[in-house]
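Just below is one structure, and these are the notes that go with it.
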Amino acid sequence: MKYGILAVLIFFMASCSNQETEQSVRDQITAYRKEISTLNQKIAELEKKLKAMDPGEDNAEKIPVEVMKISSGPFNHYIQVSGTAEAVKEAFISPEVGGQIREIYVKEGDYVEKGRLLAKLNSDITESSIADLESSLALATVVYEKQARLWEKGIGSEIQYLNAKNNKESLAQKLVTLKAQQDMAMVKSR
């Protein structure tokens with residue numbers, strides 16, 4: 001009897017292990033079928049993309065065509081183009097000082113060489129200042145020369161001589177500055 005129970009037990013275990021093995025095989029088959037379905041869907045999507053990229057006959061853009069009898073005649077074909085032209089060399093003109101333009105010496109399209117006078121600004125105030133300064137400098141020069149002669153003879157003080165010399169040199173420097181300022185009112189090409 002012991003052997004009978006043992007045989008039944010072994011048979012039962014063997015049948016249970018076969019069922020588990022059978023069930024696991026069926027589960028694997030189901031899982032693989034799901035994977036096949038998923039892969040088929042992915043393949044179909046990729047084929048659609050590939051077909052869209054392929055310039056085959058199905059995707060070609062259709063152009064309407066008209067049939068005509070051939071005959072000689074004028075052929076007119078027009079092209080309209082728009083664009084921007086840029087100069088190879090550009091010119092930016094600006095005076096070194098501000099002021100109202102008095103005269104312009106060139107016209108649009110003129111060929112301009114380096115150093116040519118293009119325009120002149122109103123410099124009346126600078127010109128009158130230069131005239132005043134020139135007369136003051138002439139007086140200062142005379143005073144300085146007289147003080148220098150007196151100083152050489154030992155007449156007068158050293159301060160008077162140095163003041164006359166300083167006044168003359170200061171006015172001469174101011175005149176140079178005003179003439180440079182007047183020159184800035186002349187717009188020239190560079």
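Is there a residue being in a helix (DSSP H, G or I), open to solvent by 100 Å² or more (accessible area, probe 1.4 Å), at pLDDT 85 or above and aliphatic (A, V, I, L, M) anywhere in region 45-63? Yes, because at least one residue in region 45-63 is in a helix (DSSP H, G or I), open to solvent by 100 Å² or more (accessible area, probe 1.4 Å), at pLDDT 85 or above and aliphatic (A, V, I, L, M). Within region 64-89, the residues that satisfy the criterion of being modelled with pLDDT under 75 and open to solvent by 100 Å² or more (accessible area, probe 1.4 Å) are Val88, Lys89. Which ones in region 168-177 are within 11 Å of Ala138 (Cα to Cα) and over 48 Å from the mean Cα position of the chain (by Cα)? Those that are within 11 Å of Ala138 (Cα to Cα) and over 48 Å from the mean Cα position of the chain (by Cα): Lys168, Leu171. For region 90-112, filtered to residues that are in a loop (DSSP other than H, G, I, E, B) and either among the aromatic types (Phe, Trp, Tyr) or at pLDDT 85 or above (or both), the residue that is nearest to the chain's Cα centre (by Cα) is Phe92. Test Ser128 against the criterion of being under 22 Å from Asn167 (Cβ atoms), loosely packed, with under 13 Cβ neighbours inside 10 Å and without any contact (Cβ under 8 Å) to a residue 40 or more places away in the chain, and give yes or no. The answer is yes for Ser128. How many residues are touching a strand residue (DSSP E or B) at 6+ places or on another chain (Cβ under 9 Å) and outside any strand (DSSP E or B) when one looks only at region 113-123? Result for region 113-123: 5. Here Lys168 clears all of (1) outside any helix (DSSP H, G or I); (2) surrounded by 15 or more Cβ atoms within 10 Å (Cβ to Cβ); (3) touching a residue at least 12 places away in the same chain (Cβ under 8 Å); (4) not hydrophobic (A, V, I, L, M, F, W, C) except the condition numbered (1).
Scanning region 143-165 for residues that are more than 30 Å from Glu127 (Cα to Cα), open to solvent by 60 Å² or more (accessible area, probe 1.4 Å) and in a helix (DSSP H, G or I) yields Arg149, Leu150, Trp151, Glu152, Glu158, Ile159, Gln160.
The values are calculated or read from the model by the stated rules, or taken from the named source; none is laboratory data. All of these numbers come straight from a predicted model, not from anything done at the bench. Cβ coordinates were reconstructed from backbone atoms using ideal geometry, including for glycine residues, and neighbour counts include every protein chain displayed. Each accessible area value is taken on the protein alone, full model and side chains, heavy atoms only, with ligands, DNA and RNA left out. Shrake-Rupley method; radii C 1.70, N 1.55, O 1.52, S 1.80 Å.
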